[in-house]
1. Shape verdict for the range 250-340, please, from the Cα gyration tensor: rounded (a/c under 1.5), prolate (a/b greater than b/c) or oblate.
2. Using a Förster distance of 51 angstrom, determine the FRET efficiency expected from the C-beta separation of residue 37 and residue 497, and round it to 0.05.
3. Extension gain residue 16-residue 281, at 0.36 nm per residue separation less the Cα-Cα distance, in nm?
4. Suppose every K and R has +1 on its Cβ and every D and E has -1 on its Cβ; what is the size of the dipole of the range 375-506 about the Cα centre, in Debye to the nearest 20?
5. Excluding residue 261 itself, what net charge comes from residues whose Cβ is under 9 Å from its Cβ, given Lys and Arg +1 and Asp and Glu -1?
6. Could you give the Stokes-Einstein D for the range 271-451 in µm² per second, using the C-alpha Kirkwood radius, 10 °C, 1.306 mPa s?
7. Can you tell me the FRET efficiency between residue 356 and residue 413 if r is taken as the Cβ-Cβ distance and R0 is 22 Å, rounded to the nearest 0.05?
8. With a Förster radius of 25 Å, plug the Cβ-Cβ distance of residue 142 and residue 436 into 1/(1 + (r/R0)^6) and report the FRET value to the nearest 0.05.
Amino acid sequence: MTNHVTETNQSKQNFAVEDVSLFINGEFVDSVSKKTFANLSPFSNETINLVAEGDKEDINVAVESAKTAFETIWKTMKISERMVYINRIADLIDEEAEEIARLEAIDTGLPISQTKKQAARAAMNFRFYAKMVESTLHGEAYQVDDEFINYTIYKPLGVVGLITPWNAPFMLETWKVAPALATGNTVVLKPAELSPLTANKLAEVIQKAGLPKGVFNIVHGFGETAGDALVRHPDVEAISFTGETTTGSTIIKNAADTLKKTSMELGGKSPLIVFEDADLDRALDAAVWGIFSFNGERCTSNSRVFLHKNIKEKFVAALKERVKNIVVGDPMDKATELGPLIETAHYNKVKKYIEIAGEEGCDVFQGDVPAAFSAGNYVPPTLLLNATNDMKVCQEEIFGPVMAVIEFETEEEVIKVANDVKYGLAGFVWTNDIKRGHRVAQAVEAGMIWINSQNTRDLRIPFGGTKASGIGREGGHYAIFEFYTEPKVIHVAISDHHIPQFGKKK
Ligand code: NAD
């Protein structure tokens, strides 16, 4: 059986994409140096458009305008007024959802059916945080006998720097921008250089929503230059970062000199464990979707699948059938399930891991990539069968459509090996034994575990990882109380309490 070949060919289409500028102080502008870089299509490796290359000077201008906007307007604006803007952004994202999905698919190679869902979720991020800030962002009051009332208020930080990756650009950008703005901060966003298109769509939306100038700014450019300048800028109070673990560690070091608050959402190598009593059909759907959706470029993907030895053979046979039938195609085709990887360097990295898997003793089983797509960065859906957890391919994040399959026999054994990895982002447990489900979920070292569930997202829950997968949490009140605001306590005496009288003559 071969993969279904999709009919359309993106390279024959006009990309119809404008060049990308920076967005500073409410205007689309060139970079100070006027330098640009080419943005390449994952589908054909042709140039889609040119992107303004920001650097330290551009970051300085953007931070200055964000600081002025914070001081002069945004931090003191009435919450109800601020939320009108936030809700307007959500409405405008909905209006632009088709175009956002199209640009995202062109830019990242993610199938359009998946980018459409991401655009809808991005609008929800703004609505959710508008509601959350209005209804829950309040402090506490503590009465101390009849002497004091102490109360807390939550203040925005000031200018925050947001640094985002390319794997789900628009959704992840809004996941940070929405709480940052809703809580009263102003923003400088540095989007991933490999996926700049939809960030500027967000800037257009924000401009149309009439946000005061300087509240939201974008500086495109590379991590080591523009990103680094943002991290080191003394007027940036905090950095919220999503990306690779090694980059996160560099950013924490570089943010230390200016004592910045940082939030880190990093890499993963998440286990999916299938016990013999599980609903195997549903576990199969979840395991296949969890690694092959998003082209395998998903931080919470189940890249290690542990199968109980009694069901392994049957499950692997079903996995092979699915892998052969996955629709590998043009991201713009709505039937496509798996598209090309973001760039050639990443494609080479993923291919190299598959080669290493063979050398390490895995039985590599793959679907096919139709010949029509040879110009793109396509890696076929891949199973690394008979893997063992100590292999390099089970220890390192591959970030592609590659699932390692590992056999286990006992609960104790699978918990031990599932935890024998440096990452701790997500985990999935499939069993119909309710006690075991909870037991294993509690024992697997990860920030988020799903029992008998695919990777669904509730915006209220703390999102993030432990170990090398992150520090801090995003989502719900974790974002607004623990990251984007700071508690301030005010002590009020309501009677004449004792004050020691140093130096007073007795
Ligand atoms: P990356 O770390 O290469 O880049 C992320 C961003 O950091 C980009 O904007 C880049 O320009 C910038 N950057 C790079 N070096 C920098 C530096 N020295 N200073 C400041 N900024 C710098 O990550 P990526 O390849 O774009 O994304 C893929 C990674 O993201 C994977 O590891 C994936 O697991 C992770 N991820 C994690 C989550 C999560 O929530 N935990 C979500 C999505 C992706």
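We did not get these values from a lab; they are worked out from the coordinates using the rules stated. None of these values were measured; they are calculated from a predicted model. Virtual Cβ from ideal backbone geometry, glycine too; neighbours counted across all protein chains shown.
1. Working: a/c = 3.97, a/b = 1.64, b/c = 2.41.
It is oblate, given that a/c is not under 1.5 and a/b is not larger than b/c.
2. On the way: r = 63 Å, r/R0 = 1.24.
Step by step, r from the Cβ atoms, then E = 0.20.
3. My answer for the length gained is 91.2 nm.
4. Details: 14 positive and 16 negative charges, 214 e Å.
With only Lys, Arg, Asp and Glu charged at Cβ, the dipole is about 1020 debye.
5. For residues surrounding residue 261, the net value is -1.
6. Working: Rh = 16.4 Å.
Rounded, D is 97 µm²/s.
7. Numbers: r = 25 Å, r/R0 = 1.12.
Rounded to the nearest 0.05, the efficiency is 0.35.
8. On the way: r = 43 Å, r/R0 = 1.72.
Result of the calculation: an efficiency of 0.05.
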